Amino acid sequence: MDEGGTYRVLNRQIFLLIALAVIAIGVFAFTRRVAAEEQQLDARIAAIWYKEGERQLGSGQIEKAIECFRKATTDALGDRTYTLALANALAAGDHDAEAEQTLLRLRESDPEDAGINLQLARLAAKRGDVPDAVRYYQNALYGRWTGSQVDERERQLRIELIRFLLGHQQRTMALSELLILETELPPSAAAHVEAARFFLEAGDTQHALKNYAEAVELDKNNVDALTEAGEAAFRLGDYQKADQYLKAALELNPAAQKTHQLLSVTEMVLSDDPLDQHLTDRERQERLLRGFEQARQRLESCLSQTSDGHGTAELVGLEDQALGLEPELHSKRPPDSELIRSGTELIYAIEKATSAACGEPQGLDQALLLIGQKHSGAQQ
Amino acid sequence: MSTSNLLFIKRLRLRENHIFLALTIIIGVLAGLAAVLFTLAIKGTTYLLFGIAPSYLRYILVPTLMSLVTGFLLAKFFPDARGSGVPQTEAAYHLNQGNIPARVAFGKFLTGALCIGSGHSMGREGPSVQIGAGIGSSIGKLFHLSPARLQSLVPVAAAAALSAAFNTPVAAVIFALEEIIGDMNAALLGSTVVASVAAVMVERSILGNSPIFHVPAYHLVNPAELLAYVVLGIAGGIVSLAFCKGLLRARKFFRGMPKWTKILQPAMGGLIIGVILIFFPQVMGVGYQYVDQAMNGGLLLKTMLLLCLAKLVATIVSYSSGNAGGIFAPSLYLGAMAGGTVGVLMHRFAPFPTGDPGGYALVGMGTLFAGIIRAPMTSVFMIFELTQDYQVLVPLMIANMISFLISKRYQPVPLYHALLEQDDVHMPQAGTRQVSGAWSARDIMTRDFSLVPPHSSIQQASVIAAQTDAQSVLVGSNGLYSGLVTRDRIERALHSGAAEAPITTIATDNCAHAHPDQPLELLLDRLAKNPGLLPVVSRSQVDRVEGVITPQTLVQFVQEKMGGPKESGE
């Protein structure tokens with residue numbers, strides 16, 4: 001072939017290339033259109049399956065709902081709503097492994113989505129994986145929230161996390177979350193009571209009492225808040241406050257037997273403490289003698305029950321001490337501060353020992369034990 | 001040669017290269033578009049035929065009736081469009097210089113979409129490869145490319161089509177080199193990569209970036225867990241073997257049925273598939289959504305085991321009954337189910353901690369692919385491309401290697417080649433492939449040979465045999481041979497008084513043969529097995545004799561070439 005002929009062939013090839021390129025563009029446009037139409041069809045079918053899935057889920061048919069959501073996600077690949085619905089249904093149907101994989105896929109594309117992190121947290125919580133659950137809960141808490149009532153939903157989520165932590169004996173972590181929760185509480189007695197109960201469970205009675213007090217402030221007729229505030233104050237040894245709260249609670253609910261009992265003990269603690277300030281010598285002596293007599297009776301009763309039992313020697317020793325102190329206490333001269341202190345200590349020692357040997361004390365014995373605890377704590 | 005002529009040739013070559021590069025890109029785009037359209041066509045057909053929630057009756061009727069249509073089309077118009085498309089593409093590349101008629105590509109598109117869309121348990125990747133290669137070949141012919149260039153377009157277009165069909169461009173390139181060309185060092189790497197990238201860009205711009213599978217994060221939790229992958233490799237090898245053997249036997253059974261049933265065979269398969277679909281609708285079509293579920297812990301142990309068995313049977317039935325569709329996707333499906341099953345069992349019973357069963361389903365996909373398709377490198381790259389995680393490589397290679405070795409030990413001929421052999425097409429094996437520049441049967445054979453017609457008597461055969469120097473003669477007619485008979489045997493038959501008996505009574509049809517591309521060393525070996533005559537037959541039609549080699553022709557050839565080995569292009 002000569003030079004001109006060769007060029008003609010090449011030019012023909014270039015022409016063909018251009019023609020093919022044009023055809024390729026045309027086929028591309030056609031294919032794109034077909035794909036778009038098919039995707040629209042897919043989307044319509046997916047919506048049908050999604051609705052059916054919702055219906056099945058509403059009627060408690062979780063497995064059928066899963067199948068429907070699965071079809072919806074197959075027809076509308078990557079649709080977050082359908083995939084999240086599938087993940088939730090899978091979790092509800094105890095298909096935890098697949099639910100987790102589905103959620104992790106969703107999380108990959110949006111790691112800050114609060115809803116996805118929350119579901120992952122619940123799955124981790126379900127399998128008892130504390131570190132993962134805490135991580136996902138916190139991701140959810142500090143993630144991106146959509147929809148309405150975000151603050152309330154966030155608060156509920158924190159409460160869920162606190163419940164989980166308390167359920168897994170993670171008190172320190174729970175307390176951290178509780179302190180945050182405390183700052184986010186709405187002005188509602190119920191919310192403060194709930195927080196106070198969590199504080200109690202986490203072992204922080206002080207904060208519990210504070211929240212009960214706020215609840216009472218917000219709703220003076222809240223019996224639960226008053227009762228539990230009284231109990232918290234009682235537990236903290238703040239018997240004055242306990243007395244106030246419990247009395248207020250009983251005014252609203254006089255039939256509360258337990259509150260009556262607690263108030264009775266509280267009143268005894270307040271009325272029978274020989275070390276109380278602003279008492280006359282006589283009053284102080286009377287309280288000391290009343291307590292001493294009660295403790296001796298308790299000791300004798302306990303000794304008769306535990307003649308050969310554990311701690312008998314200690315009880316006998318205490319009886320000897322009581323016998324030694326008795327004459328001085330009964331003398332007519334007012335007791336000096338040293339005698340009052342040693343008398344109170346002996347009463348506490350007897351109540352403590354009898355409590356260990358013969359069971360929890362009741363009534364005045366309980367009050368004497370609490371008085372002793374109060375002063376021994378103060379000394380320490 | 002003058003300087004201006006040299007300059008002209010240089011510019012010409014440069015321009016040719018540019019045109020070939022542009023052609024590669026355009027073929028990549030068009031093959032990719034064809035693969036995407038094929039995927040859409042399958043999906044559309046499925047919706048059209050089955051609707052949203054098909055009834056049992058529909059499950060039975062759709063594949064049966066649609067297979068009647070495709071059976072007719074395949075028998076009357078597109079006989080080359082049956083089956084996967086990968087072996088046919090390989091055959092076109094190796095035996096037919098890359099020539100694939102446009103009609104085949106069109107037929108594959110039409111029948112493939114109808115077969116897979118009507119519920120047959122087959123894959124879209126194999127047909128996409130053949131459709132893409134057909135487009136490449138047709139465009140090459142339009143450009144009047146040289147045979148070598150035309151041949152090179154086949155793997156280029158095949159890689160592009162696979163890249164768009166499976167969304168793994170690197171694995172598609174490796175597949176083209178490993179499976180279609182059969183040479184990982186092929187010079188076509190650059191063109192294949194270009195076409196593959198062009199195709200995947202087209203695919204993603206149309207269908208989006210969503211991956212085919214939602215691959216779970218892979219974790220090897222304990223070094224001892226590698227032992228579990230040994231178990232997976234063994235299980236994968238067994239399932240691969242069961243699939244290959246089952247498919248070949250079932251296909252042999254269908255091929256052994258009377259010829260008039262050929263048009264009805266796809267419908268027979270369709271009926272069986274319909275029954276299977278009633279119980280296991282999950283095996284319908286490609287079924288990647290269930291592979292996804294297996295990988296993500298969405299299927300129970302029993303379900304995965306049953307789906308593995310159901311898919312195995314369904315794919316064997318669909319393929320062997322002569323429908324159009326591939327085994328690429330079914331092998332991945334089987335792998336995911338088998339892997340998931342092993343994963344769950346290991347998780348429950350292994351004495352060491354193991355990862356999620358989903359990881360086993362993932363590795364299982366590669367394992368079955370290596371065992372069935374026998375393309376271990378493609379398998380490794382494919383799974384790696386899906387996971388993009390180095391951690392998966394060692395377990396994957398262990399399981400793949402074991403599965404591959406088990407499959408190879410008990411099924412020495414790879415499945416694609418075995419399927420071609422059933423069609424009387426013999427593919428060159430790596431060990432027997434012609435080395436460039438070496439002497440081959442084509443150079444040595446003589447085309448001067450006679451065939452003894454099968455209806456001849458032994459007496460007539462002896463006359464024909466006497467006219468040749470060879471110790472044997474071939475029996476056959478019209479260039480097709482049916483057997484071979486030695487002169488000694490003819491002599492003995494004549495002495496025993498059987499002169500008028502037909503020659504076929506003493507001919508043997510079990511004789512060695514060679515193909516034109518096979519090298520001299522192999523010919524000597526084969527000639528030693530045959531009594532003095534080695535027929536050289538076509539690869540694409542093994543009973544068509546292209547020439548014969550006798551000891552005399554060998555000696556004559558060597559004498560002619562005493563000057564030294566043949567030079568390239570001679």
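For segment A:122-174, what are the residues that are in contact (Cβ under 8 Å) with a residue 40 or more places away in the chain and either in contact with a His (Cβ under 6 Å, 6 or more places away or on another chain) or not in a helix (DSSP H, G or I) (or both)?
Residues satisfying the conditions are A:GLY128, A:VAL130, A:HIS168, A:GLN170.
Take segment B:14-49 and flag every residue that is more than 8 Å from every other protein chain (Cβ to nearest Cβ), open to solvent by 30 Å² or more (accessible area, probe 1.4 Å) and hydrophobic (A, V, I, L, M, F, W, C).
Within segment B:14-49, B:LEU14, B:LEU21, B:ILE25, B:LEU48, B:LEU49 meet the criteria.
Can you find a residue in segment A:87-97 that is in contact with a helix residue (DSSP H, G or I) (Cβ under 7 Å, 6 or more places away or on another chain) and free of Cβ contacts under 8 Å to residues at least 24 places away in the same chain?
No, segment A:87-97 contains no residue that is in contact with a helix residue (DSSP H, G or I) (Cβ under 7 Å, 6 or more places away or on another chain) and free of Cβ contacts under 8 Å to residues at least 24 places away in the same chain.
Among the residues of segment A:93-151, which ones are under 19 Å from A:SER176 (Cβ atoms), among the hydrophobic types (A, V, I, L, M, F, W, C) and open to solvent by 50 Å² or more (accessible area, probe 1.4 Å)?
none
Could you give me the residue pairs with C-beta distances under 9 Å whose first residue belongs to segment A:47-61 and is part of a loop (DSSP other than H, G, I, E, B), whose second residue is surrounded by fewer than 16 Cβ atoms within 10 Å (Cβ to Cβ) and among the basic types (Lys, Arg) wherever it lies, and which are 6+ apart or on separate chains?
What qualifies is A:GLN61/A:ARG55.
Any residue that is within 9 Å of chain B (Cβ to nearest Cβ) and open to solvent by 40 Å² or more (accessible area, probe 1.4 Å) - is there at least one of those in segment A:60-71?
yes
State the number of residues belonging to segment B:73-95 that are in a loop (DSSP other than H, G, I, E, B) and closer than 16 Å to B:VAL156 by Cα.
Of the residues in that region, 1 qualify.
If you take just the helices (runs of 4 or more DSSP H) that sit entirely in segment B:467-570, which of them hold at least 1 residues that are modelled with pLDDT under 80?
B:520-529, B:551-560
Need the failing condition index for A:ASN11 against (1) at pLDDT 90 or above; (2) more than 8 Å from every other protein chain (Cβ to nearest Cβ), just the number.
(1)
Given the conditions (1) over 18 Å from A:ALA190 (Cα atoms); (2) assigned to a helix (DSSP H, G or I), and given that A:GLU217 satisfies all but one, which numbered condition is not satisfied?
That leaves (1) as the condition not met.
Yes or no: segment B:103-113 includes at least one residue that is more than 23 Å from B:LEU307 (Cβ to Cβ), more than 14 Å from chain A (Cβ to nearest Cβ), hydrophobic (A, V, I, L, M, F, W, C) and part of a loop (DSSP other than H, G, I, E, B).
Scanning segment B:103-113, I find no residue that is more than 23 Å from B:LEU307 (Cβ to Cβ), more than 14 Å from chain A (Cβ to nearest Cβ), hydrophobic (A, V, I, L, M, F, W, C) and part of a loop (DSSP other than H, G, I, E, B), so the answer is no.
If a residue must be open to solvent by 10 Å² or more (accessible area, probe 1.4 Å) and touching a strand residue (DSSP E or B) at 6+ places or on another chain (Cβ under 9 Å), how many such residues does segment B:307-318 contain?
Final tally of qualifying residues: 0.
Can you pull out every residue in segment A:265-300 that is small (Gly, Ala, Ser) and surrounded by fewer than 16 Cβ atoms within 10 Å (Cβ to Cβ)?
A:SER271
May I ask you to list the residues in segment A:351-363 that are open to solvent by less than 40 Å² (accessible area, probe 1.4 Å) and over 16 Å from A:LYS258 (Cα atoms)?
Selection gives A:GLU351, A:ALA353, A:THR354, A:SER355, A:ALA357, A:CYS358, A:GLY359.
Please tell me if A:LEU77 is under 23 Å from B:TYR288 (Cα atoms) and more than 12 Å from chain B (Cβ to nearest Cβ).
Criteria not met by A:LEU77.
Check whether at least one residue in segment B:210-232 is over 23 Å from the mean Cα position of the chain (by Cα) and over 30 Å from B:ARG348 (Cβ atoms), and report yes or no.
Yes, because at least one residue in segment B:210-232 is over 23 Å from the mean Cα position of the chain (by Cα) and over 30 Å from B:ARG348 (Cβ atoms).
Given the residues A:ALA140, A:ALA174, A:ALA208, which is the only one that is assigned by TED's automatic domain parsing to the domain that holds A:ALA232 and touching an Asp or Glu at 6+ places or on another chain (Cβ under 9 Å)?
Going through A:ALA140, A:ALA174, A:ALA208 in turn, just one is assigned by TED's automatic domain parsing to the domain that holds A:ALA232 and touching an Asp or Glu at 6+ places or on another chain (Cβ under 9 Å): A:ALA208.
Rundown of residues vs (1) away from chain A (no Cβ under 14 Å); (2) without any contact (Cβ under 8 Å) to a residue 40 or more places away in the chain; (3) surrounded by 21 or more Cβ atoms within 10 Å (Cβ to Cβ); (4) within 27 Å of the chain's Cα centre (by Cα), yes/no style:
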site	(1), (2), (3), (4)
B:MET257	yes, yes, no, yes
B:ILE263	yes, no, no, yes
B:GLY269	yes, no, yes, yes
B:ILE278	yes, no, no, no
B:GLY287	no, no, yes, yes
B:MET295	no, no, yes, no
B:LEU305	yes, yes, no, no
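I'd like to check which helices (runs of 4 or more DSSP H) are fully inside segment A:271-380 and have at least 1 residues that are under 39 Å from the mean Cα position of the chain (by Cα) and charged (D, E, K, R).
By residue number, A:337-358, A:363-379.
Restricting attention to segment B:237-252, does a residue exist that is open to solvent by less than 60 Å² (accessible area, probe 1.4 Å), among the hydrophobic types (A, V, I, L, M, F, W, C) and in contact with a Cys (Cβ under 8 Å, 6 or more places away or on another chain)?
yes
Residues are listed down the side, and each one gets a yes or a no for (1) among the β-branched types (Val, Ile, Thr); (2) away from chain A (no Cβ under 14 Å); (3) open to solvent by 10 Å² or more (accessible area, probe 1.4 Å):
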{"position": "B:HIS120", "(1), (2), (3)": "no, yes, no"}
{"position": "B:GLY123", "(1), (2), (3)": "no, yes, no"}
{"position": "B:SER128", "(1), (2), (3)": "no, no, no"}
{"position": "B:ARG149", "(1), (2), (3)": "no, no, yes"}
{"position": "B:ALA164", "(1), (2), (3)": "no, no, no"}
{"position": "B:ILE180", "(1), (2), (3)": "yes, yes, no"}
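Condition check: on the phi < 0 side of the Ramachandran plot, surrounded by 14 or more Cβ atoms within 10 Å (Cβ to Cβ) and of a type in the set (Ser, Thr, Tyr). Does A:SER304 satisfy that?
When the stated conditions are applied, A:SER304 does not pass them.
Considering segment A:251-270 alone, what residues qualify as being more than 14 Å from A:ALA367 (Cβ to Cβ) and not in a loop (DSSP other than H, G, I, E, B)?
A:GLU251, A:LEU252, A:GLN257, A:LYS258, A:THR259, A:HIS260
Checking B:ILE139 against (1) in contact with a Gly (Cβ under 9 Å, 6 or more places away or on another chain); (2) surrounded by fewer than 24 Cβ atoms within 10 Å (Cβ to Cβ); (3) within 14 Å of chain A (Cβ to nearest Cβ), which test does it fail?
The one condition B:ILE139 does not meet is (1).
Name the single residue, out of those in segment B:456-466 being part of a helix (DSSP H, G or I) and open to solvent by less than 10 Å² (accessible area, probe 1.4 Å), that is farthest from B:VAL542 (Cα to Cα).
If we take residues in segment B:456-466 being part of a helix (DSSP H, G or I) and open to solvent by less than 10 Å² (accessible area, probe 1.4 Å), then B:ILE458 is farthest from B:VAL542 (Cα to Cα).
The values are calculated or read from the model by the stated rules, or taken from the named source; none is laboratory data. Keep in mind that this is a model prediction, so the values were computed, not measured. Heads up, the Cβs are rebuilt from the backbone with ideal geometry, glycines too, and the neighbour counts pull from every protein chain shown. The area values use the complete protein model at the heavy-atom level, side chains included, leaving out ligands, DNA and RNA. Shrake-Rupley method; radii C 1.70, N 1.55, O 1.52, S 1.80 Å.
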